[in-house]
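Everything below concerns the one structure shown next.
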Amino acid sequence: MTKESPVLSLRGMNKQFGEGCSRCIEKPENLEKNYCPNCGTVYACRDISFDLYKGEIIGIVGESGSGKSTLMRSLYFDSEVTDGEYLLADYKDGQENVFGSSLQQQKWIRNMLLGMVYQNPLLGLRMEFSSIANIAEKMIAANHRNVEAMFSRGHELLDKVNIPTFRSSEAPKNFSGGMQQRVQIAKALSNNPPVLLLDEVTTGLDLSVQADVLDLIKTIQRELRISMIVVSHDLAVIRMLSDRTIVMYNGEIIEEGLTDQVLEDPQHAYTQQLVYSLL
Ligand code: ADP
Ligand code: MG
């Protein structure tokens, strides 16, 4: 069987906040969790590697502070990594490490090849602008200029995420948390990216609203065959959405596998604790 090549491939990604000192660089066992008590350096992501395939949803689960958001922000070029290799099949045939690409190229990749939904909608939306203008903004960044076409695409997207057309000129600040996440999803999808990044999208929402948003994500994935990385501290969310699961702990991947496998036979003590707390 020939294996198709990944749409996104990450190898040996590290992100640290701080320079490190002789104590933590030479002896990582001196760290307290991901933190060096001597120099204050935080090793937020350590040697992260994985492949994402077409139409697949990878779930990343881990407790607060385990490095999930740092990883997502790095993939979306919100912050610079310390080192690592990041390849995208749709960019130069996956031959260039885009962590080393110019800022201008990274901006292009962000607009054309990636969509991001943040836990905090304030990071992803302009709360004072209309919802349709929020979507148009990402399309303009991708060099769309035809206003009528952008409006019609914007309405189509808002419809897809179940925001009624008559509310499209309203600003997200008037919307409920669940609706704000829907507008973020519509915006993230606007340029048909091959990869969608979702960071704790349902955290903080009421359970019924959470279920609706999760349903929406599943539907979009089925219809568009888009690849997704879904991050949550909540294994129940990951179980519902993801084909494969990666478990992060103190900035490292401690376990990964098919979601069913990880749930049925967790290997690492931390994963076992997560799984048993679901039962
Ligand atoms: P998660 O999303 O899994 O809760 P984060 O990626 O937000 O975790 O954080 C991982 C670690 O990196 C935490 O210890 C956090 O305190 C630290 N961290 C995140 N951003 C910064 C920053 N800008 N400066 C210093 N430390 C940071
Ligand atoms: Mg986070």
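A few points about this structure:
- Counting only residues that are within 16 Å of ligand 1 (Cβ to nearest atom), open to solvent by less than 30 Å² (accessible area, probe 1.4 Å) and within 14 Å of Met179 (Cβ to Cβ), region 199-213 holds 2 of them.
- Boolean, Val237 is under 15 Å from the mean Cα position of the chain (by Cα), touching a residue at least 12 places away in the same chain (Cβ under 8 Å) and in a loop (DSSP other than H, G, I, E, B): no
- Meets criteria (among the hydrophobic types (A, V, I, L, M, F, W, C), modelled with pLDDT of 95 or more, closer than 18 Å to Ser69 by Cβ and crowded, with 20+ Cβ neighbours inside 10 Å) for Ile254: no
- Among the residues of region 240-262, the one identified as touching a strand residue (DSSP E or B) at 6+ places or on another chain (Cβ under 8 Å), farther than 23 Å from Leu205 by Cβ and assigned to a helix (DSSP H, G or I) is Val262.
- Counting only residues that are closer than 13 Å to Asn14 by Cβ, open to solvent by less than 30 Å² (accessible area, probe 1.4 Å) and either under 15 Å from the mean Cα position of the chain (by Cα) or not small (Gly, Ala, Ser) (or both), region 80-103 holds 2 of them.
- Take the conditions (1) open to solvent by 40 Å² or more (accessible area, probe 1.4 Å); (2) of a type outside the set (Val, Ile, Thr); (3) modelled with pLDDT under 95; (4) part of a loop (DSSP other than H, G, I, E, B); Ser169 misses just one of them, which is (3).
- Subset of region 22-78 [open to solvent by less than 10 Å² (accessible area, probe 1.4 Å), out of contact with any helix residue (DSSP H, G or I) (no Cβ under 7 Å at 6 or more places or on another chain) and hydroxyl-bearing (Ser, Thr, Tyr)]: Ser66, Ser74
- Among the residues making up region 28-38, those that are at pLDDT 90 or above and not acidic (Asp, Glu) are Leu31, Lys33, Asn34, Tyr35, Cys36, Pro37, Asn38.
The values are calculated or read from the model by the stated rules, or taken from the named source; none is laboratory data. Computed from a prediction, not measured in an experiment: that's the story for all the values here. Please note: Cβ atoms are built from the backbone with ideal geometry, for glycine as well, and neighbour counts cover all protein chains shown. Side chains included, ligands, DNA and RNA excluded: accessible areas come from the protein's heavy atoms. Shrake-Rupley method; radii C 1.70, N 1.55, O 1.52, S 1.80 Å.
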